[in-house]
Amino acid sequence: MATTYFTEDHEWIRVENGVATVGITDYAQEQLGDLVFVELPETGRTLKKGDTAVVVESVKAASDVYAPADGEITEANAALSSDPSLVNSAPTADGWLWKMKLADEGQLSGLMDEAGYKAMIG
Amino acid sequence: MTGEPLLHLPLEDMHVAAGARFGGFAGWSMPLTYPAGVMKEHLHTREHAGLFDISHMKLISVSGPGAADLLARACPLDPAKLEISQSKLTFFLNDEAGILDDLIVTRLGEDRFMVVANAGNAAADIVHLTALAKDFDAVVEPLDRVFLAIQGPQAEQVLAGTGFDVPLLTFMHGVEPRPGWFMSRSGYTGEDGFEIGLPADDARQLVEKLLSDPRLMWIGLAARDSLRLEAGLCLHGNDITPDTDPASAALMWAIPKELRASGDFIGAAALRTIVENGPTEKRVGLKAEGRQPVRGGTALVDEAGNPAGSITSGGFGPSVGHPVAMGYVVAPLAKSGAKLFADVRGNRIPVEVYALPFTQHRYRKG
């Protein structure tokens, strides 16, 4: 059974068997506007919570997407190299950004669930 | 502008009703995008027509027997040589020939001119011009107008479709089609189109009629920026500033030859010296390899890693489908095809000097 968390930075994290799939929320993609480039991380890179994992670039600006916890990148969504607009059209499905093996899943325990996130964005 | 409350467009309610997302620009709360999004808005303008609310920009009337002489002092321009209805791009320069603002001046009559100023500089422009006017028999009058731009290959048809009798104008000409209106065939997208300054009540009626035409949609400031960047047009504050001069900015074409030699405009002496010595850096188009945009503020280096300039505006060009940028490059490398590199978060991105514009201008010249 997967658990999905949400951050105040408008990321979603779906955790299954210690591996987190991370993306940005529909609200976030709408705020950013049309994406034209996603700078993806290399597989095997280790990240600390708060490190920049991915940079998403809209027509106008670049925005960092942070690692929600410590861990190691196991996969980046290669489909985004040729079609960054997947993040706009399917932010919580085909537009996922990266997967990481979590060092300590407990680091996510303070995050919001979907109801909490929806209440935050209002 | 930090801490200052933002100014609001007279038609703000219409933008709210259209679902605009707002952001601050040059002291104004401006529609950045509408629900279609920057990409669709940009492409729609190039394919059909876009409606822009540019009321943050300022129309300034300059009139009186000394109006032409005032403008000849304030700008590297020969206003007396403009035909009636002719418009010209020009500048206010400081004593060092730095660009205080870029402006469009249109001759409306024998001794009447319309000056269109950028939002962020308008207040300073008015102070500057009013102070200069003391020595001339001329009146400087900022006008309270809604200012709209209709841009794109179908702009003329859409405008005519409202029942408005579109005056016969070619690119860079302007007239007063009705009392209180100013209209020019010009714009900031590289496309054919019009800019219309008019009283707010008239503007509401015109906008309602215009938007009933499906060929037209509201276009926000985000697409306005990507459109002008593809067209190679400068944004004051980014690509031209009080620290850049018309020679470095590759804008000498806007200054008549005889004025370069003998003009008495503010900044003339400094500009002559810069031209004689040759500018050390020049504004050029820049095309990054791949899809990753290089943004304003990014430093450029040559192949050996020596500093070679910097990017002043950069983003993605929806019509050309690749990153587009402009910036200043050291003079020896400021030629098409020169190879440079931009450092973007540790990635060394190859950047080529590219002849502007990225999208060909499609102005109605005749």
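The table for this structure:
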item: Most fluctuating residue given options B:76, B:246, B:179, as computed from a GNM of chain B linking Cα atoms under 10 Å; result: B:179
item: For the stretch B:116-255: rounded, prolate or oblate by the Cα gyration tensor [a/c cutoff 1.5]; result: oblate
item: Average Cα contact separation per residue, the stretch B:280-354, under 8 Å, 6 or more apart, as relative contact order %; result: 39
item: The stretch B:294-366-the stretch B:126-201 distance, computed between alpha-carbon centres (Å); result: 32
item: Choice from B:345, B:228, B:295 with maximal GNM fluctuation in chain B (Cα, 10 Å cutoff); result: B:345
item: Listed residue pairs exceeding 32 Å between alpha carbons, taken from A:101/B:287; B:335/B:365; B:339/B:365; B:257/B:335; result: A:101/B:287; B:339/B:365
item: Spatial separation of Cα centroids for the stretch A:40-62 and the stretch B:214-268, in angstrom; result: 35
item: Structure-based [θ]222 nm, the protein assembly as shown - -39500 (n - 2.57) summed over DSSP H runs of at least 4, per residue, nearest 500; result: -5500 deg cm²/dmol
item: Charge context of residue B:323, other residues only, Cβ under 10 angstrom, K/R +1, D/E -1; result: +1
item: For the stretch B:239-253, Karplus couplings with θ = phi - 60° (6.51, -1.76, 1.60), whole Hz, Gly/Pro x; result: 8, 9, 8, x, 9, 10, 10, x, 5, 4, 7, 6, 10, 5, 4
item: Relative contact order for the stretch A:3-121, counting Cα pairs under 8 Å that sit 6 or more residues apart, in percent; result: 31
item: Shape category assigned to chain A from the gyration tensor of Cα positions, a/c cut at 1.5; result: oblate
item: Neighbour cut-off at most 15 other Cβ (10 Å), DSSP loop, GluC sites (Glu not before Pro), the stretch B:253-346; result: B:289, B:303
item: Relative contact order computed over chain B (Cα-Cα under 8 Å; 6+ residues apart), in percent; result: 18
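Values in this text are rule-based calculations from the coordinates and carry no lab data. These numbers come from a predicted model, not from an experiment. Cβ sites come from the backbone with ideal geometry, for glycine too, and all protein chains shown count toward neighbours.
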